[in-house]
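The values are calculated or read from the model by the stated rules, or taken from the named source; none is laboratory data. These numbers come from a predicted model, not from an experiment. Here the Cβ is made from the backbone with ideal geometry for all residues, glycine too, and neighbour counts use every protein chain on show. For accessibility, only protein heavy atoms count, side chains too; no ligands or nucleic acids. Shrake-Rupley method; radii C 1.70, N 1.55, O 1.52, S 1.80 Å.
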Amino acid sequence: MSTTELATDTVLIVEDEPKIARLVADYLTGSGFAPHHLEHGDAVMPWLEEREVLPELVLLDLMLPGTDGLTLCREIRQRWPGVAIIMLTARVEEVDRLLGLELGADDYICKPFSPREVVARARAVLRRSRAATAPEEAPEEAQLSLDDEGWRALADGHDLGLTAVEFQLLRVMMHSPGRIFSREQLMDHMYRDHRIVSERTVDSHIKKLRKKIAEIWPEREIIRSVYGVGYKYQPEE
């Protein structure tokens, strides 16, 4: 693919397993994206630096020959903060690092994954990315944003005053709108030392988080319970 062929919704796939890359590329092409594939980590930064038009999204494998995915994520975020990044990983123990504030990835997907899930996540990340950079035409519309450096959540600019655990809970759910998290999954993100706590602890933190959101938005319910399963972040349409 030449430089002049880059179009809207171009996706750079950085994946050293050709079969996975081809499968994802086929699904992306069928969904209206323009994919490009690189296999080696060392090729990524030179490829991006040569582009006249950057890709909108990078699907970035964690384990790569040459420069690893974590390093590439940091470098891309520093150089081109407007490029969306979704990390791909087969190492479940790396999930906390992928969600770490220092990394800057927009989302992550654990292998094995469905190509349809990749397409859905790509669309969701690009929608969020464009919404964040779009001119404000409706200031009355409610907005919830995260200040990763300050560990703050802002509802229409008002600091919710979250604890570190509440902030991490909200951040995890906001990164995957509509995804249902079990209490066990949320506990893994709340307590990285894997301490043994009751599932009721999650319910308690969710209750406090909802209360703080309700102080700003009394008529909005953005953290919803799924009976018998867990919780999800579901912003109102």
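Every test in (1) in a helix (DSSP H, G or I); (2) within 28 Å of PRO81 (Cβ to Cβ); (3) at pLDDT 85 or above; (4) charged (D, E, K, R) is passed by ARG130 save one, and that test is (3). Among the candidates ALA105, ALA124, the residue that is at pLDDT 60 or above, part of a loop (DSSP other than H, G, I, E, B) and either open to solvent by 40 Å² or more (accessible area, probe 1.4 Å) or of a type outside the set (Phe, Trp, Tyr) (or both) is uniquely ALA105.
Looking only at region 40-67, which residues are part of a loop (DSSP other than H, G, I, E, B) and open to solvent by less than 60 Å² (accessible area, probe 1.4 Å)?
ARG51, LEU54, PRO55, GLU56, LEU62, LEU64, PRO65, GLY66, THR67
SER145 passes every criterion in (1) surrounded by fewer than 17 Cβ atoms within 10 Å (Cβ to Cβ); (2) assigned to a loop (DSSP other than H, G, I, E, B); (3) of a type outside the set (D, E, K, R); (4) at pLDDT 80 or above apart from (2).
Could you please give the count of residues in region 25-39 that are open to solvent by less than 30 Å² (accessible area, probe 1.4 Å) and touching a residue at least 40 places away in the same chain (Cβ under 8 Å)? Total satisfying the criteria: 2.
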